[in-house]
Amino acid sequence: MDGLKKENFKVFEDGQEQQVSFFSHDLRVPISVGVLIDMSGSMKHKLQQAIQTVREVALALSPQDELFLVTFNSDAEIRQHFTNNISDVQKALRDLKAGGETAAYDAIALSLQEMKQAKHSKKILIEVTDGFDTKSKINATQVEDLLKHSDVLVYAIGIDDDENDPYVLRGEKYHIYHYMLNRLTSITGGRPYRMFTGRTFPLQTVAQLLLDELHQQYTLSYYPTSNREGNAWHTVEVKVDKAGSQIRHKTGYFVNLPGNN
């Protein structure tokens with residue numbers, strides 16, 4: 001969202017309004033991106049759509065950006081380490097086949113480790129999936145804790161079966177899946193996108209809109225007035241008073257004081 005000024009923002013920590021001490025707006029922030037592709041058995045008829053979406057995302061990156069690629073089914077694997085060479089990404093996307101279960105949480109944990117090699121301060125994970133976790137060694141609470149301790153934004157591209165199918169609307173697993181994607185993205189300040197199997201999408205446009213959003217950044221700083229307890233989770237809420245504006249931000253952070261592990 002363009003055109004916002006410092007006075008349009010209000011920042012709250014643990015429910016208390018904070019005084020903003022620094023404000024900036026950048027339209028072209030370089031980014032470090034990790035893309036996670038679900039290759040589980042349920043992706044058999046959706047994998048090519050997922051791969052083409054990732055190709056378009058890679059093509060929409062600027063020369064200053066960098067990207068790594070992780071694939072997952074019953075296990076998670078780094079398919080391509082950080083690169084700004086699009087041909088490296090295209091090669092890594094060849095010969096992918098669907099099969100196995102879904103270790104989505106393990107893929108996120110692996111990606112957070114890889115993200116430690118990032119060159120840029122703005123770090124994003126984009127998970128492309130159609131299902132919920134069935135095979136990870138870590139659970140939902142553990143992956144949420146990892147994300148809360150990270151400085152990474154999570155976006156998700158969910159590839160659904162046709163929502164007009166009555167079974168899909170009733171199926172419990174789809175509610176779990178949507179909860180998982182909404183929960184993981186909202187914790188970090190990202191958001192989910194939805195696509196549907198067999199429908200035509202302007203993937204180039206979708207990728208460009210996503211990357212335009214990710215490259216834009218408002219930075220606000222403040223000196224917290226709440227109690228600085230070590231290893232405590234502090235909730236953060238940002239409000240904008242300009243009509244029609246939508247913003248995304250991390251929902252909180254941990255304080256790590258010296259001597260607290």
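General remarks:
- Per-region count, the range 86-105, residues surrounded by fewer than 21 Cβ atoms within 10 Å (Cβ to Cβ) and either in contact (Cβ under 8 Å) with a residue 24 or more places away in the chain or hydroxyl-bearing (Ser, Thr, Tyr) (or both): 10
- Of all residues assigned to the range 68-80, none qualifies as being modelled with pLDDT under 95 and touching a strand residue (DSSP E or B) at 6+ places or on another chain (Cβ under 6 Å).
- Criterion violated by Ser226 - all others in (1) closer than 30 Å to Phe9 by Cβ; (2) surrounded by 12 or more Cβ atoms within 10 Å (Cβ to Cβ); (3) modelled with pLDDT of 80 or more satisfied: (3)
- Index of the failed condition, Glu17 passing every other in (1) within 21 Å of the chain's Cα centre (by Cα); (2) free of Cβ contacts under 8 Å to residues at least 24 places away in the same chain: (1)
- The residue list Ala156, Ala140, Ala103, Ala76 contains one member that is under 19 Å from the mean Cα position of the chain (by Cα) and closer than 21 Å to Ile31 by Cα, which is Ala156.
- The set of residues from the range 109-156 being surrounded by fewer than 18 Cβ atoms within 10 Å (Cβ to Cβ), part of a loop (DSSP other than H, G, I, E, B) and among the charged types (D, E, K, R) comprises Lys119, Lys135, Lys137, Asp151.
The values are calculated or read from the model by the stated rules, or taken from the named source; none is laboratory data. Predicted, not measured: the structure shown is a model, and the values here were computed from it. Cβ coordinates were reconstructed from backbone atoms using ideal geometry, including for glycine residues, and neighbour counts include every protein chain displayed.
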